[in-house]
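Below is one structure, written out as structure tokens, with a few remarks after it.
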Amino acid sequence: MNAITPIDKGASVALGAPIDVTIENVQKAFGDTPALHGVSLDVKAGELVALLGPSGSGKTTLLRILAGLDAPTAGRVLFGGDDALGLSVQDRNVGFVFQHYALFRHMTVFQNIAFGLTVRPRGERPPKAEIRKRVLHLLDLVQLTGLDKRYPSQLSGGQRQRVALARALAIEPRVLLLDEPFGALDAQVRKDLRRWLREIHDQTGHTTFFVTHDQEEALELADRVVVMSKGRIEQVGTPDEIYDAPASPFVFEFIGESSFLPVTVLDGAVQLDGRPLDLSGLGAPSGTATLGFRPHDVSIVEDGSPAITGTIVTERRHGGARRLELEVGADKHRVEIDMPVDHSRLAGNQIAFRPHRWRIFPR
Amino acid sequence: MSDEAFTTARLPGASAIRFRPVTMERKRVRVALILVSLAFLGLFLVMPVVAVFVEAFRGGMPAFAEAIFEPDAAAAIRLTLLVAAISVPCNLVFGLAASWAIAKFDFKGKSLLNTLIDLPFSVSPVIAGLIYILMFGSQSLLGPWLKSEGIQVIFAVPGIVLATIFVTFPFVARELIPLMEEQGRGDEEAALSLGASGFQVFFRVTLPNVKWALLYGVLLCNARAMGEFGAVSVVSGHIRGLTNTMPLHVEILYNEYNFAAAFAVASLLALLALFTLVVKSVLEWRYADEIAATRRH
């Protein structure tokens, strides 16, 4: 695949103004199995929103409802303030990009991209020369100049996905929807395409939703991340908010690396096995709670001040750090902490540490 | 990959190591297996086909031509072509509709439909013929009404067409269903989201995606439609020059000890089989490519 170069800032794609998208209490059940339990979300015009969650979280269902490929059991979807659910998939004017590209295999790249224009009724169809101009322009935009006569089977995965995006952009969609667009690609191509998609978005300004189960992708690419689990929205926020202030243990665990310990909060202070840890309860009410921290947000305690003490079970190299797996307390809860690489402790030794950033989730 | 690279591997400081792919048998075994298959094919397939043509031309070209252009034989050929020309398009439409329904959307009774499509494969063709006699014959419920309306189904062309359609209806559907299921609904959804109407999706996306499989199914369907004997034999009534198809005509000639004529007409059927085989191989070669392209997606 060609290296992906920055987009020519002079190029532009003719577009209507981007629109707001409002999702109000959308519910969906497949037979008796609920897939979405009342999801509400406001997305501003031109935002790039990631729907992030594990499989079965309902993120793809929500995307397909926005596209009109599925209908919700209840709820409302507004495009720019107007009801969208009353519109058929054809009339909704959304660009949809599929995980497995769904390119038409018997058509050339050119015919694929032109498809949405050539199927328009005679009166609305642009003249041939205009279609040609627009397709070639889109090919430039997705950096596939000169590949218009190829067939999809003659392209790499990354190239196919770029054709799929160009095809979706050709109809001048009001909203762009991407269903795990990089899911079928290998890691390096994924990273390149991610950056490239962000640039395309900044240039074209579509209100864009993309579904992913890759938190790194979501945090890097999106203006706002919607974390979903079991058909519900767990949290909506900027990548910083999601990473630094996760609203639930689920979000904390799903985004980034995490360790958890059961603790008690007493008068605003955290206790582990009845001993104070010198950690604030962060406003949590007294009672049992879960302490969460990132493995890299800990410091070793060697002066005997209050700390979490654990027995080292294993240690292994983890990127730029050395990761220790510890057993903590009488119940032998497993937690992970990161130490500098030159730090060397043998398995079986005790180690005391305290997180310097943490979250408390009441139970 | 070259044969050499496949069978030998050179290690530094070691002589070449012979390596045989683990699933490949010893040479003796391989040769024996191939010979057995060839002998079997020769005995049961090639020899009979050759025999048909030898017998057909035993009396020379004039006798062959006379056997084929004789009025009853010509009528049988015309009838066979007519029956195929009606039943194949019917099954084309039915096969497309059924496989579209089964592969592209969910409905109650889908698996039942899927099973029923195979019925003609599991029912004896003779039974298939009898069913139509029981339905449309003079002893049937519909019989008196058909008679009063002057419609003759049994022992006439309509009965032969019905029996042929019944026997051949799985061929197109059976080719299309697995392919359409494998291709999934993604292409159709993409086309719809791009604004295509239902008709446009069908003619521009779905049909081109299955065109080779469709042609293949039609070919098999046609070969069977022209060659069907059992079901047609039951409903035809064997009226010379009227309700005899080619296979039935061959049987009659043979029973009359008119071997030269029987083999002459039979050679036409054999020719059809050979033609089908060649086109089928060409299609498989093309079609395998398309399938491979599908898998690569």
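The values are calculated or read from the model by the stated rules, or taken from the named source; none is laboratory data. These numbers come from a predicted model, not from an experiment. No Cβ is skipped: glycine too gets one built from the backbone with ideal geometry, and neighbour counts run over all protein chains shown. Only protein heavy atoms, including side chains, enter the accessible area calculation; ligands, DNA and RNA are left aside. Shrake-Rupley method; radii C 1.70, N 1.55, O 1.52, S 1.80 Å.
Could you tell me how many of the residues in segment A:206-225 are part of a helix (DSSP H, G or I) and charged (D, E, K, R)?
First, pick out the residues of segment A:206-225 that are part of a helix (DSSP H, G or I): A:215-221.
Those still in the list that are charged (D, E, K, R) too: A:216-217, A:220.
Number satisfying all stated conditions: 3.
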### Summary
(1) closer than 27 Å to A:Asp214 by Cβ; (2) surrounded by fewer than 20 Cβ atoms within 10 Å (Cβ to Cβ); (3) in contact (Cβ under 8 Å) with a residue 12 or more places away in the chain all hold for A:Gln188 apart from (3)
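For segment A:236-250, name all the residues that are more than 22 Å from A:Pro262 (Cβ to Cβ) and either polar (S, T, N, Q) or open to solvent by less than 20 Å² (accessible area, probe 1.4 Å) (or both).
So the first thing to find is which residues in segment A:236-250 are more than 22 Å from A:Pro262 (Cβ to Cβ), and the list is A:236-244.
A:Gly237, A:Thr238, A:Ile242, listed by residue number.
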### Query
Looking at segment B:97-123, which of the residues that are out of contact with any Pro (no Cβ under 9 Å at 6 or more places or on another chain) and outside any helix (DSSP H, G or I) is farthest from B:Thr206 (Cα to Cα)?
B:Val123
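Of a type outside the set (D, E, K, R) and at positive phi - does that describe any residue in segment B:157-165?
Let us first name the residues in segment B:157-165 that are of a type outside the set (D, E, K, R), namely B:157-165.
If we keep only those that are at positive phi too, we end up with none.
For segment B:157-165, residues of a type outside the set (D, E, K, R) and at positive phi: absent.
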### Task
Just one of (1) assigned to a loop (DSSP other than H, G, I, E, B); (2) open to solvent by 90 Å² or more (accessible area, probe 1.4 Å); (3) without any contact (Cβ under 8 Å) to a residue 60 or more places away in the chain trips up B:Ile151, so point out which.
(2)
### Task
Count, please, the residues in segment B:189-203 that happen to be closer than 18 Å to A:Arg122 by Cβ, part of a helix (DSSP H, G or I) and within 7 Å of chain A (Cβ to nearest Cβ).
1
### Query
If you scan segment A:328-339, which residues turn out to be assigned to a loop (DSSP other than H, G, I, E, B) and either open to solvent by less than 20 Å² (accessible area, probe 1.4 Å) or out of contact with any strand residue (DSSP E or B) (no Cβ under 7 Å at 6 or more places or on another chain) (or both)?
A:Ala330, A:Asp331, A:Lys332
## Note on the structure
Given the conditions (1) of a type outside the set (Asp, Glu); (2) touching a residue at least 24 places away in the same chain (Cβ under 8 Å); (3) open to solvent by 20 Å² or more (accessible area, probe 1.4 Å); (4) within 11 Å of chain B (Cβ to nearest Cβ), every one holds for A:Gln143 apart from (4)
### Task
Tell me, yes or no, whether segment A:349-362 has at least one residue that is of a type in the set (S, T, N, Q), part of a strand (DSSP E or B) and either open to solvent by less than 20 Å² (accessible area, probe 1.4 Å) or free of Cβ contacts under 8 Å to residues at least 24 places away in the same chain (or both).
no
### Query
Given (1) in a helix (DSSP H, G or I); (2) in contact with a Pro (Cβ under 9 Å, 6 or more places away or on another chain), where does A:Ala129 come up short, assuming only one miss?
(2)
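Given B:Ala266, B:Ala190, B:Ala225, which one is out of contact with any helix residue (DSSP H, G or I) (no Cβ under 6 Å at 6 or more places or on another chain) and either among the charged types (D, E, K, R) or open to solvent by less than 40 Å² (accessible area, probe 1.4 Å) (or both)?
On the way: B:Ala266 fails: out of contact with any helix residue (DSSP H, G or I) (no Cβ under 6 Å at 6 or more places or on another chain); B:Ala225 fails: out of contact with any helix residue (DSSP H, G or I) (no Cβ under 6 Å at 6 or more places or on another chain).
Matching residue, one of B:Ala266, B:Ala190, B:Ala225: B:Ala190.
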### Task
Might you let me know whether segment A:159-173 holds any residue that is open to solvent by 10 Å² or more (accessible area, probe 1.4 Å), in contact (Cβ under 8 Å) with a residue 60 or more places away in the chain, of a type in the set (D, E, K, R) and out of contact with any Lys or Arg (no Cβ under 8 Å at 6 or more places or on another chain)?
yes
## Note on the structure
Of (1) in contact with a strand residue (DSSP E or B) (Cβ under 6 Å, 6 or more places away or on another chain); (2) open to solvent by 40 Å² or more (accessible area, probe 1.4 Å); (3) within 14 Å of chain B (Cβ to nearest Cβ), A:Ala84 fails just (2)
### Query
Of all the residues that make up segment A:283-314, how many are exposed (fewer than 13 other Cβ atoms within 10 Å of the Cβ), in contact with a Leu (Cβ under 9 Å, 6 or more places away or on another chain) and of a type outside the set (Val, Ile, Thr)?
1
### segment B:135-148, residues that are in a helix (DSSP H, G or I) and surrounded by 13 or more Cβ atoms within 10 Å (Cβ to Cβ)
B:Met135, B:Phe136, B:Gly143, B:Leu146
### Residue among B:Val36, B:Val22, B:Val50, B:Val31 that is within 30 Å of B:Leu253 (Cβ to Cβ), among the β-branched types (Val, Ile, Thr) and either at pLDDT 90 or above or open to solvent by 80 Å² or more (accessible area, probe 1.4 Å) (or both)
B:Val50
### Task
Would you be able to say whether some residue in segment B:236-246 is in a helix (DSSP H, G or I) and either β-branched (Val, Ile, Thr) or free of Cβ contacts under 8 Å to residues at least 60 places away in the same chain (or both)?
no
### Query
What are the residues in segment A:39-72 that are out of contact with any Leu (no Cβ under 8 Å at 6 or more places or on another chain), assigned to a loop (DSSP other than H, G, I, E, B) and open to solvent by 30 Å² or more (accessible area, probe 1.4 Å), if any?
A:Lys44, A:Ala45, A:Pro54, A:Ser55, A:Gly56, A:Asp70
### Task
Note down all Cβ pairs under 9 Å where the first residue falls in segment A:244-255 and is part of a helix (DSSP H, G or I), the second is open to solvent by less than 60 Å² (accessible area, probe 1.4 Å) and among the aliphatic types (A, V, I, L, M), and they're at least six residues apart or on different chains.
A:Phe250/A:Val227; A:Val251/A:Val227; A:Val251/A:Ile242; A:Phe254/A:Leu52; A:Phe254/A:Val227
### Message
Can you tell me which of (1) more than 28 Å from A:Thr207 (Cβ to Cβ); (2) at the interface with chain B (Cβ under 9 Å from one of its Cβ atoms); (3) in contact with a Ser or Thr (Cβ under 7 Å, 6 or more places away or on another chain) is the one A:Val94 doesn't meet?
### Response
(1)
### Query
Could you count how many residues in segment A:21-38 are open to solvent by 10 Å² or more (accessible area, probe 1.4 Å), under 20 Å from the mean Cα position of the chain (by Cα) and of a type in the set (A, V, I, L, M, F, W, C)?
1
